[in-house]
1. Filter the helices (runs of 4 or more DSSP H) completely within the stretch 157-225 down to those with at least 2 residues that are among the β-branched types (Val, Ile, Thr), open to solvent by 30 Å² or more (accessible area, probe 1.4 Å) and under 23 Å from residue 235 (Cβ atoms).
2. Only residues that are modelled with pLDDT under 95 and charged (D, E, K, R): list them for the stretch 53-76, please.
3. Among (1) out of contact with any helix residue (DSSP H, G or I) (no Cβ under 7 Å at 6 or more places or on another chain); (2) within 28 Å of residue 101 (Cβ to Cβ); (3) open to solvent by less than 60 Å² (accessible area, probe 1.4 Å); (4) at pLDDT below 95, which single condition is residue 285 missing?
4. Out of the residues in the stretch 227-245 meeting the condition of being in a helix (DSSP H, G or I) and open to solvent by 50 Å² or more (accessible area, probe 1.4 Å), tell me which one is farthest from residue 171 (Cα to Cα).
5. Any residue in the stretch 182-210 that's touching a residue at least 24 places away in the same chain (Cβ under 8 Å): show its pairings with residues that are aromatic (Phe, Trp, Tyr) at Cβ separation under 6 Å, as long as the two are six or more apart or on different chains.
6. Would it be correct to say that residue 269 is modelled with pLDDT of 95 or more and either farther than 17 Å from residue 63 by Cα or more than 10 Å from the chain's Cα centre (by Cα) (or both)?
7. Determine whether residue 178 is touching a strand residue (DSSP E or B) at 6+ places or on another chain (Cβ under 8 Å), touching a residue at least 24 places away in the same chain (Cβ under 8 Å) and among the acidic types (Asp, Glu).
Amino acid sequence: MTLSIARLLALKQQAGSRSTPAVPSAPASPSPNNQIEALRRMVELRSRATKTASKPHRDRSVPGSEIAPGLHLHEALVPMDLRSGRELCGAFDRGDAIDLESVLFFDTETTGLSGGTGTRAFMIGVAQFVPNDSGRYNLRVRQLLTTTLGAESAMLREFAQWLQPQTVLCSYNGKSYDAPLLKTRFRLGRLGNPLQDLRHVDLLYPTRRQYKGVYENCRLGTIEREVLRVVREDDLPGSEAPAAWLSYLHGGSAANLRRVGEHNHQDVVSLSRLLLHLSALSSTMHGQALTDGLA
């Protein structure tokens, strides 16, 4: 009790005050045990919040089987109305016939569209003609998907095993984007570049030569719709592929990542049909249609 409060009480008593007001007491300091208990409760609440925020989504299933830690391989066969043993005659500037079974159609799904060392491929899709027992071709589609950052080297090594000296690469704008990006990823992974010495047909160039000015643009989606009569349903735009993969890496749903796989699958199937279409046109144009796209 301070001196000023004591004097105030004495004055009130002299004035005839019947009751003495209670002197407010200072709040009691919490005991060490109470402080420790409060800290324990705070840590527990934060731990629960962290677990709730990082809890993976229930839907984490991706197609295919895991062939290495974080690397999934998905395969499918697409029947083709095409007689086996066919060759692409007169379609290339070297004048030689190309065995259809040596053509490898490929397309990548990446973390960005700008390229550069910061962009990586998280999915590689390929397709090849393979003969079946009925004397026709099936299209064998294989897709590699990484579900962890550390699986990239395993994906590149697996993809390299699919390439042979006689392989003819076939892409759509792959010379400007997919091939240079993969070259960079192989170099950063201290791996040799298996694409370097392979022939590469980029179908964007003969497609532009044939259809520039005919349609609003020569994007693959436009050519699919107008030339190949392919209409995609519930297709995930390629611009949304990076977000789908990054979301999955952070524990999100696999739904959009599966749609990325479906988009990639259709890309390589359409490449095979477009090559056959342009080859048929080139047969009547003395092999000029595909010349611009051949390395």
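The values are calculated or read from the model by the stated rules, or taken from the named source; none is laboratory data. Not measured: the values here are computed from a predicted model. All Cβ positions, even for glycine, are placed from backbone atoms using ideal geometry, and neighbour counts span all protein chains on display. Surface accessibility is based on the protein's heavy atoms, side chains included, excluding ligands, DNA and RNA. Shrake-Rupley method; radii C 1.70, N 1.55, O 1.52, S 1.80 Å.
1. On the way: elements: 178-188, 204-211, 220-223.
Here the list is empty.
2. 55, 58, 59, 60
3. Evaluating residue 285 over (1) out of contact with any helix residue (DSSP H, G or I) (no Cβ under 7 Å at 6 or more places or on another chain); (2) within 28 Å of residue 101 (Cβ to Cβ); (3) open to solvent by less than 60 Å² (accessible area, probe 1.4 Å); (4) at pLDDT below 95 leaves (3) as the failure.
4. In this case the residue turns out to be 243.
5. That search, which allows pairs on different chains as well, returns 203/172; 204/172.
6. Judged against the criteria, residue 269 is a match.
7. yes
Results for (1) within 19 Å of residue 204 (Cα to Cα); (2) open to solvent by 50 Å² or more (accessible area, probe 1.4 Å), shown as yes or no for each residue.
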position: 252; (1), (2): no, no
position: 256; (1), (2): no, yes
position: 260; (1), (2): no, no
position: 266; (1), (2): yes, no
position: 280; (1), (2): yes, yes
